[in-house]
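Each remark here refers to the structure printed beneath this line.
The values are calculated or read from the model by the stated rules, or taken from the named source; none is laboratory data. For clarity, every value in this text was computed on a predicted model and none was experimentally measured. Cβ placement follows ideal geometry from the backbone for every residue including glycine, while neighbour counts extend to all protein chains displayed.
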Amino acid sequence: MFKVVTPQTDEALTAYYHFRWQYLRQPWNFPPGSEKDEYEQVSEHRMVVNGQGEIIACGRVHLNTAEEAQIRHIAVHSGYQRRGLGQFMLNALESVARELGAIRAVTNSREISIEFFKACGFTVEREAPNELGLLKRQQMVKKLDDFSLLVMHPQWCQELQDTWTETIPITEHMGIKLHQYTGKTLETRASLNKNINIHGTMFAGSIFSLATLTGWGMIFLQLKDKGLQGDIVLGDGNIHYHKPITMKPRAVCNIERLKGKFNLLSKGKKCRLELEVEVLDDTQAVAEFHGIYWVLPKEDNK
């Protein structure tokens with residue numbers, strides 16, 4: 001499973017900066033150390049790691065003003081490109097920017113990455129200063145306070161939220177909300193205050209429910225994407241808890257961790273789907289959920 005983490009130890013920061021240099025500076029023959037600038041201490045740093053804890057993507061964001069965040073240094077491992085990890089990393093940085101209060105994001109893009117940022121909702125505003133005096137760039141901007149930019153297919157996402165509220169009342173009591181959907185990743189959040197136990201942490205049962213509903217929601221949205229309908233039921237679910245939640249309950253499901261044959265529904269057959277959901281306390285991974293769901297066909301699929 002891919003997950004976004006914050007490099008916090010000296011060892012993790014060293015690996016993070018080396019990865020940045022390796023993919024963003026070394027190809028242009030800049031020396032180690034050139035990947036850093038005067039904003040490192042006031043920036044939020046993030047990296048994506050695989051199941052073995054290896055860095056496969058990185059990025060950084062800092063505030064230029066109270067309302068404007070600057071996103072920089074997004075890089076993806078050459079062995080993991082074209083798998084949506086650049087967008088996965090960008091979404092994580094935009095989420096951090098929103099939490100910092102920014103309503104606008106800017107990035108200075110090189111020629112080779114302009115189309116990527118355009119596909120993610122950015123537009124070219126003006127020419128930016130050359131990077132390290134050599135690499136030509138364009139400043140690109142994106143509004144962060146537009147819900148339609150936070151989620152892909154906002155109508156589907158609203159329908160999912162309404163379905164939860166109307167048919168699964170526990171979501172309202174737990175304060176579970178769809179936070180972000182990119183087409184590849186679904187993130188949900190819950191209210192800690194509505195799920196807190198006598199120890200000041202989130203109930204284990206609430207964590208399980210958050211993970212279960214996140215997996216259910218990902219399947220709901222994938223059915224929409226494929227033009228299929230079905231009744232989604234949980235067949236089996238297992239969760240491994242590592243740490244308590246004391247701050248910000250989050251659950252993330254990535255399409256890479258969803259397995260199954262949706263096309264069985266179009267043949268009038270039920271389909272078995274397997275997926276994994278990562279539960280976090282802010283940016284700290286605290287639990288992993290493995291679920292088996294069944295989708296029962298409806299006549300409209302035929």
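Tally time: how many residues in the range 54-74 are closer than 20 Å to THR9 by Cα and over 17 Å from the mean Cα position of the chain (by Cα)?
3
From ILE239, ILE255, ILE245, which residue is at pLDDT below 95, surrounded by 13 or more Cβ atoms within 10 Å (Cβ to Cβ), within 30 Å of MET202 (Cβ to Cβ) and of a type in the set (A, V, I, L, M)?
Answer to the check: ILE255.
Would you pick out the residues in the range 189-242 that are within 17 Å of PHE262 (Cβ to Cβ) and among the basic types (Lys, Arg)?
Matches in the range 189-242: LYS224, LYS226.
Within the group ARG46, ARG72, which residue is within 15 Å of VAL4 (Cα to Cα) and touching a Gly at 6+ places or on another chain (Cβ under 8 Å)?
Values: ARG72 fails: within 15 Å of VAL4 (Cα to Cα).
It is ARG46.
Consider THR107 carefully, then state whether it is surrounded by fewer than 22 Cβ atoms within 10 Å (Cβ to Cβ), of a type in the set (Val, Ile, Thr) and over 15 Å from the mean Cα position of the chain (by Cα).
no
Give me a count of the residues in the range 84-104 that are surrounded by fewer than 18 Cβ atoms within 10 Å (Cβ to Cβ), within 20 Å of GLY183 (Cβ to Cβ) and among the small types (Gly, Ala, Ser).
0
Condition first: modelled with pLDDT of 90 or more and loosely packed, with under 13 Cβ neighbours inside 10 Å. Now tell me which residues in the range 139-153 satisfy that.
Listed by number, the list is empty, since nothing qualifies.
I'd like to check which helices (runs of 4 or more DSSP H) are fully inside the range 142-231 and have at least 1 residues that are over 18 Å from the mean Cα position of the chain (by Cα) and in contact (Cβ under 8 Å) with a residue 12 or more places away in the chain.
Qualifying helices (runs of 4 or more DSSP H): 154-167, 170-174, 204-226.
Which pairs do you get when a residue that is closer than 21 Å to ARG82 by Cβ and assigned by TED's automatic domain parsing to the domain that holds THR283, found in the range 244-267, comes within reach of a residue that is of a type in the set (Lys, Arg) and not in a strand (DSSP E or B), reach meaning Cβ atoms under 7 angstrom, with the pair 6+ apart or on two chains?
ASN254/LYS184; ILE255/LYS184
In the set ALA105, ALA92, ALA97, ALA15, which member is small (Gly, Ala, Ser), under 26 Å from ASN254 (Cβ atoms) and touching a Phe, Trp or Tyr at 6+ places or on another chain (Cβ under 9 Å)?
ALA105
Restricting attention to the range 43-57, report how many residues are among the β-branched types (Val, Ile, Thr) and modelled with pLDDT under 95.
Counting residues in the range 43-57 that are among the β-branched types (Val, Ile, Thr) and modelled with pLDDT under 95 gives 2.
Report whether or not THR185 is at pLDDT below 95 and hydroxyl-bearing (Ser, Thr, Tyr).
Here the answer is yes, as THR185 does meet what is asked.
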